[in-house]
Amino acid sequence: MDNYLSIFTEYDVPGAFWVNIQLTFWAALGALLLGTVLALLRISPVASFRAIGASYVNLIRNTPLTIIILFGVLALYGQLGFNLGGDFQGNFFRLAVMGLALYHAAFVCEAIRSGVNTVPLGQAEAARAIGLSFLPAAREVILPQAFRGAIVPLGNTLIALIKNSTVAAVGSVATEASSTMKTMIEFRADIVIPIFLTFAVGFVIIVIPVGLLTTWLSKKLAVAR
Amino acid sequence: MKSDQQAQASSDGPIVELTGVNKHYGALHVLNDINLQVTKGEVVVILGPSGSGKSTLCRAINRLETIDDGKISIDGKILPEEGKALATLRADVGMVFQSFNLFAHKSILENVTLGPIKVKGLKKAAADKLAMQLLERVGVANQAGKLPAQLSGGQQQRVAIARALAMRPKVMLFDEPTSALDPEMINEVLDTMVGLAKEGMTMLVVTHEMGFARKAADRVIFMADGQIVEQATPHEFFTNPQSDRAKDFLGKLITNH
């Protein structure tokens with residue numbers, strides 16, 4: 001037992017999880033913004049905008065996250081010298097956030113679009129009938145109801161994002177949880193299974209409240225019809 | 001000065017004018033060469049069997065339905081295809097739907113003030129005042145803070161009328177406004193509409209309420225199979241219909257009621 005507990009003094013386990021939470025926070029913010037724009041494109045009355053939105057979603061959603069993150073580090077930074085500022089580690093962190101945000105934006109877009117489908121067509125017609133054009137109608141009438149209808153799928157995307165933040169390991173974010181776990185396993189092969197379990201349980205503890213919160217929110221904020 | 005004259009000229013013409021309007025749903029010719037003029041202050045009731053195209057006609061006037069060919073103009077201005085110009089023109093056309101379509105996440109007051117604030121640029125205080133006057137007039141001012149789902153159907157439809165009136169429309173379109181209501185709520189909505197008609201609002205009403213047509217209409221239009229079959233004053237239409245389709249339609253009403 002002391003043998004196991006020693007890993008917590010040798011390595012900064014909570015700190016590693018904290019890196020994932022930070023990755024998740026910034027990537028979620030970026031994905032929510034970009035995903036909302038993409039959803040607007042996909043429901044826009046202009047056919048070419050819809051095509052742009054659909055192309056992005058189909059391209060990014062069907063590309064493995066690992067490839068997107070590696071592309072950021074090896075191609076954008078390594079080959080093209082694309083630098084998002086900060087020191088060496090800071091740049092990798094930001095590149096990983098960018099990759100996570102770009103990837104999950106496609107899923108956020110589809111979650112919001114499923115929310116839009118919960119809004120009856122008559123709501124959009126009524127908005128148009130009082131003279132609102134597309135963007136004001138979307139902002140005032142469609143999106144507020146769509147987000148409430150999309151809380152659960154958005155929560156699922158957030159849960160996936162939390163766990164996918166470990167892919168930042170391939171993007172040279174050496175301080176995040178799965179990188180830390182890999183290092184620990186290399187040096188403490190005697191307790192491989194407890195180390196695995198530690199990180200598995202750690203993620204479960206982070207993710208469970210998200211699921212509970214979104215279920216509660218979706219009931220509380222449901223639009224009465 | 002010039003713009004004054006133009007405004008004068010346009011308000012003398014018909015408020016709504018449809019010329020040679022056609023629309024198909026696949027093989028179904030749902031609007032067949034429709035020609036119709038509604039003058040200022042006129043109340044036109046459109047009657048006809050289900051599927052005759054009367055709702056489509058009503059919805060085409062503010063382009064909730066597109067048309068294949070023909071011309072629709074509101075107060076002298078041809079209905080644009082999309083964009084800001086269309087939104088501006090729609091603001092002048094009030095629409096009341098069969099299913100009310102109140103904004104489900106907004107309070108009754110916000111439902112009425114949204115258009116004046118976002119489309120007409122009214123300050124919130126002024127919009128609130130206007131909205132409360134209109135809610136008072138349709139008799140639901142005491143519900144202003146509630147959400148639509150907390151109101152009865154009749155109350156919701158009266159709020160929808162107030163929401164349309166808040167835009168100071170040149171014409172009001174009613175697309176079967178009482179068809180989704182329980183029988184005891186139909187009259188409260190019809191009374192509101194009769195009140196509007198008496199105040200001189202230009203109205204185009206698709207309905208199955210013959211009583212309303214008799215009481216408030218200046219002209220009855222009878223549609224069947226996408227065509228305007230007959231138009232007459234309510235008295236003429238109900239007492240002496242000319243076409244076989246209209247006689248058949250009215251005959252069925254009498255035997256059923």
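None of the figures in this text is laboratory data; all of them are computed from the coordinates on show. What you see is a predicted model, and the numbers here were worked out from it, not measured in a lab. Ideal geometry is used to build each Cβ from the backbone, glycine not excepted, and the neighbour counts take in all protein chains shown.
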Could you go through the range A:149-165 and let me know if any residue there is more than 16 Å from the chain's Cα centre (by Cα), more than 9 Å from chain B (Cβ to nearest Cβ), closer than 30 Å to residue B:82 by Cβ and not aliphatic (A, V, I, L, M). yes
Selection status of residue A:138, within 14 Å of chain B (Cβ to nearest Cβ) and either among the small types (Gly, Ala, Ser) or in a helix (DSSP H, G or I) (or both): yes
Residue B:106 passes all but one of the listed conditions (1) farther than 21 Å from residue B:62 by Cα; (2) touching a Lys or Arg at 6+ places or on another chain (Cβ under 8 Å); (3) not in a helix (DSSP H, G or I); the exception is number (2)
For residue B:72, are the conditions met, namely being under 18 Å from residue A:129 (Cβ atoms), away from chain A (no Cβ under 14 Å) and assigned to a loop (DSSP other than H, G, I, E, B)? no
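For every residue, the table says whether it meets (1) touching a residue at least 40 places away in the same chain (Cβ under 8 Å); (2) hydroxyl-bearing (Ser, Thr, Tyr).
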| site | (1), (2) |
| --- | --- |
| B:187 | no, no |
| B:200 | yes, no |
| B:206 | yes, no |
| B:215 | no, no |
| B:232 | no, no |
| B:239 | no, yes |
Filtering the range A:112-170 down to residues that are basic (Lys, Arg), closer than 18 Å to residue A:38 by Cα and surrounded by fewer than 19 Cβ atoms within 10 Å (Cβ to Cβ) yields A:139
On the basis of being under 21 Å from residue A:47 (Cβ atoms), touching a residue at least 60 places away in the same chain (Cβ under 8 Å) and out of contact with any Lys or Arg (no Cβ under 6 Å at 6 or more places or on another chain), does residue A:134 make the cut? yes
Condition first: in contact (Cβ under 8 Å) with a residue 60 or more places away in the chain, over 18 Å from residue A:101 (Cβ atoms) and touching a Phe, Trp or Tyr at 6+ places or on another chain (Cβ under 9 Å). Now tell me which residues in the range A:141-176 satisfy that. A:145, A:174, A:175
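For (1) within 30 Å of residue A:75 (Cβ to Cβ); (2) in contact (Cβ under 8 Å) with a residue 12 or more places away in the chain; (3) within 14 Å of another protein chain (Cβ to nearest Cβ), each residue gets a yes or a no:
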position	(1), (2), (3)
A:178	yes, yes, no
A:181	yes, yes, no
A:186	yes, no, no
A:192	no, no, no
A:196	no, yes, no
A:199	yes, yes, no
A:220	no, no, yes
A:223	no, yes, yes
Going through the range B:37-69 one residue at a time, which ones are of a type outside the set (A, V, I, L, M, F, W, C) and within 14 Å of another protein chain (Cβ to nearest Cβ)? B:55, B:56, B:59, B:62, B:63, B:65, B:66
Checking the conditions here, which among B:226, B:251 is small (Gly, Ala, Ser) and free of Cβ contacts under 8 Å to residues at least 24 places away in the same chain? B:251
Out of everything in the range B:122-151 that is more than 13 Å from every other protein chain (Cβ to nearest Cβ), of a type in the set (A, V, I, L, M, F, W, C) and over 14 Å from residue B:167 (Cα atoms), what residue ends up being surrounded by the fewest Cβ atoms within 10 Å (Cβ to Cβ)? B:125
I'd like the residue in the range B:75-91 that is of a type in the set (D, E, K, R) and facing another protein chain (nearest Cβ under 8 Å) and, out of all such residues, is nearest to residue A:129 (Cα to Cα). B:90
Screening B:181, B:196, B:250 for residues that are more than 14 Å from the chain's Cα centre (by Cα) and under 24 Å from residue B:97 (Cβ atoms) leaves only B:181
Exactly one of B:163, B:158 is buried (at least 22 other Cβ atoms within 10 Å of the Cβ), under 30 Å from residue B:38 (Cβ atoms), within 13 Å of chain A (Cβ to nearest Cβ) and touching a helix residue (DSSP H, G or I) at 6+ places or on another chain (Cβ under 8 Å), and that residue is B:163
Taking the stated definitions as given, is residue A:19 of a type in the set (A, V, I, L, M, F, W, C) and surrounded by fewer than 20 Cβ atoms within 10 Å (Cβ to Cβ)? no
For residue A:146, are the conditions met, namely being part of a helix (DSSP H, G or I) and within 24 Å of residue A:54 (Cβ to Cβ)? yes
Within the range B:18-53, which residues are of a type in the set (A, V, I, L, M), out of contact with any Asp or Glu (no Cβ under 6 Å at 6 or more places or on another chain) and either part of a strand (DSSP E or B) or surrounded by 14 or more Cβ atoms within 10 Å (Cβ to Cβ) (or both)? B:18, B:21, B:28, B:30, B:31, B:34, B:36, B:38, B:44, B:45, B:46, B:47
